[in-house]
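J.: What follows is a structure written as structure tokens; I'll ask about it next.
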Amino acid sequence: ADQHFLVVTCDDGLSSQIDNARAAAERIEKETGSPCPVEFFVLTKLENSPDPVEEMPDETLSYFDGNEGKHANLGQLKTIARAGIHKIRNHTVNHATLPNLTIDARNGEVEDGEKKVLAIYRSVKAKTPRKKVFAYPRGAYAGQIDYILSHYDMAVSTEAKEVHFISDMGHIGREGKS
């Protein structure tokens, strides 16, 4: 029998998304009896701070230009990591449109973002997610960066796509199903 599952995804780590998605997931679980995990794809530009995540105050905001003050603070992200029900995922450092960047800049956006996500988990001594998942900023699938994401288990874009084979997992649409 086919097995279906629902995962709610939220882009950019806005503070309101965290509050609303967690509440919605709790309602879905109460109604269905099944957990409804939320994947929060967050930006890891933490107020341009050079400090390690472990040394930053919980009030430190993640943001990208034009949305200052709307994003989750580090304390909210740590709470998600500590609870272990929902996941914090990499959405790059600066929300850059990856196909428009040089190879080195693309690599930096992805790798530096992942390092910060892992640092958030380490800062609260929480278990890191077993699977590595990435969301393309602005949904801009960049086939030319597949090699950068080769150690990820899945990457999602905003393009709807049905997935049948594991080889498709590098570019699953947000409305995709497996």
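J.: Please tell me which of these pairs span more than 26 angstrom C-alpha to C-alpha: K30/K125; K45/K132; K87/K125; K45/K131; K87/K115; K70/K116?
T.: The pairs that break the limit, which is 26 Å between Cα atoms, are K30/K125.
J.: Under the rule of at least 5 residues apart or a separate chain, name every residue whose amide H is placed under 5 Å from the amide H of K132.
T.: Hits under the 5 Å cutoff: D153, M154.
J.: May I ask you to compute the full-extension gain from K70 to K115, defined as 0.36 nm times their residue separation minus their alpha-carbon distance, rounded to one decimal in nm?
T.: 13.9 nm
J.: Which residues' amide hydrogens lie under 5 Å from the amide hydrogen of R89, considering only partners 5 or more residues apart or on another chain, with H built in the peptide plane?
T.: Correct list: F40, F41, V42.
J.: Given labels modelled 7 Å from the Cα in the Cβ direction, how far is it in nm from T97 to R138?
T.: Between T97 and R138, the label points sit 0.3 nm apart.
J.: Further question on the same structure: Assuming 0.36 nm per residue, please report the length gained on full extension of the stretch A105 to T128 beyond their Cα-Cα distance.
T.: That works out to 5.7 nm of additional length.
J.: Please list the non-local residues whose amide H lies under 5 Å from the amide H of L101, H modeled 1.01 Å from N, same-chain partners needing a gap of 5 or more.
T.: Residues meeting the criterion, in which the H sits 1.01 Å from N, do not exist here.
No lab work stands behind these numbers, since they all come straight from the coordinates. All values derive from a computational prediction rather than experimental measurement. Using ideal geometry, Cβ is built from the backbone for each residue, glycine included, and neighbour counts are taken over all protein chains shown.
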